[in-house]
1. Computed FRET efficiency, Cβ-Cβ of Arg236 and Arg52, R0 45 Å: what is it to the nearest 0.05?
2. At a 1.4 Å probe, what is the % contribution of carbon and sulfur to the accessible area of the stretch 79-176?
3. Can you list which of the trypsin sites (Lys or Arg not before Pro) found in the stretch 56-112 are DSSP loop residues with at most 12 other C-beta atoms within 10 Å?
4. Below 8 Å, C-alpha to C-alpha, sequence gap of six or more: please give me the relative contact order for the stretch 203-321 in percent.
5. Taking R0 as 30 Å, what's the FRET efficiency between Leu34 and Leu306 from their Cβ-Cβ distance, rounded to 0.05?
6. Computed from the mean reciprocal separation of all distinct C-alpha pairs, what Kirkwood hydrodynamic radius does the stretch 213-287 have, in Å?
7. For the modelled label position 7 Å from the Cα of Glu213 along Cα-to-Cβ, which residues of the stretch 256-290 have backbone nitrogen atoms closer than 17 Å?
8. Loop-only check: which GluC sites (Glu not before Pro) in the stretch 93-169 are DSSP coil with at most 14 other Cβ within 10 angstrom?
Amino acid sequence: MNAAVATPTAPPSNVPAREQSSQPRRSAQVGTLLMYGLVLVIVAVGWHLSERQYLSAESGVGYALGIIGGTMMLVLAIYPLRKRLRSLQRFGAMKYWFQSHVFLGVAGPVAVLFHSNFSFGSTNSTVALTSMLLVAGSGLIGRYLYEHIHHDLYGKRIELDEIRSRAEEHLARWNGLVDLAARAQQGGSSDDNTRSRVQRMALATLANELAPEIKALQSGIALPRGGVLSQMVRTRLLARRLRRVRMKSQRTHKRAVAEAGLSNTMARQSRGLVERYLVAARQAESVALYEGLFRWWHILHFPMFLMLIVTGTVHVIAVHLY
């Protein structure tokens with residue numbers, strides 16, 4: 001068999017699990033769901049009570065909520081400055097800045113909604129409220145994209161090269177496992193016992209059937225990347241191809257055990273390495289797609305935030321002058 005990448009001379013006795021644990025991500029997702037669930041409950045209660053006119057935008061608590069919410073939205077601008085200005089980089093870890101950014105991006109709009117009593121008013125207040133809702137919605141989308149290109153919500157960025165290297169490592173280990181079987185097709189060694197020759201022949205049969213599919217998949221992954229739209233199509237097509245290869249791997253390994261005499265232990269090892277390669281390949285394509293989407297989100301989100309600043313400032317001036 002021709003190995004798709006450089007292969008070791010012998011299969012490893014065991015495969016270290018180097019994939020990042022999903023526990024931090026799951027914990028972050030649970031915390032996120034709880035936070036947004038609480039926010040939805042608060043907003044729902046406020047919406048239900050809005051007809052009773054407990055709050056007024058012109059005075060009292062309603063007015064104070066407008067000031068608080070507007071201030072929170074202004075403070076949001078400090079986070080991107082913290083990432084770019086060296087003079088601010090000594091003030092706290094980026095993790096806590098991001099946590100504060102997320103909190104303000106949720107609490108600010110909620111305060112403004114209560115300030116407006118969940119209704120549109122004059123033209124300038126309607127424009128300001130609409131701008132705020134657009135920015136808040138955009139922020140939720142950005143947070144979703146952010147989670148898919150980081151190890152967890154506040155963790156380091158996922159490196160594509162790291163994922164690709166891990167995929168190639170799994171593939172090299174599988175190639176190393178089945179490369180020894182190539183000698184079985186040539187008669188093997190005179191020192192081999194019968195069981196060893198059977199195992200190698202079974203591996204050779206499995207490799208001859210499965211390796212072309214994996215090599216074709218690897219060649220497709222190596223193709224140059226296009227824009228975001230082409231990457232979306234590419235990721236979708238790759239997902240289908242991965243499912244086909246995974247199903248064929250399952251059938252091939254079962255048949256190798258049932259018909260060719262491959263041991264269950266060797267079959268699990270071989271199938272596990274193929275599965276790890278497929279998972280890493282899928283993750284690499286997914287991260288590449290979300291990175292592209294995140295770049296476009298940045299391009300669109302910043303002008304929307306500037307629009308919010310302008311419309312909010314006009315609203316405050318108009319309210320106090322007229």
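The values are calculated or read from the model by the stated rules, or taken from the named source; none is laboratory data. Fair warning: this is a prediction, and the values are worked out from it, not measured in the lab. Using ideal geometry, Cβ is built from the backbone for each residue, glycine included, and neighbour counts are taken over all protein chains shown. Calculation scope for accessible area: heavy atoms of the full protein, side chains included, ligands and nucleic acids excluded. Shrake-Rupley method; radii C 1.70, N 1.55, O 1.52, S 1.80 Å.
1. Details: r = 49 Å, r/R0 = 1.09.
Efficiency at R0 = 45 Å is approximately 0.35.
2. Roughly 63 percent, rounded to a whole number.
3. On the way: sites: Arg82, Lys83, Arg84, Arg86, Arg90, Lys95; in loops: Arg90.
Listed in order of number, the matching sites are Arg90.
4. 31
5. 0.40
6. Value: 13.5 Å, from the Cα pair sum.
7. Only 256-260, 267-282 fall inside the zone, counting backbone N under 17 Å.
8. Taking the stretch 93-169 and a limit of 14 other Cβ atoms within 10 Å, the loop GluC sites (Glu not before Pro) found are Glu159.
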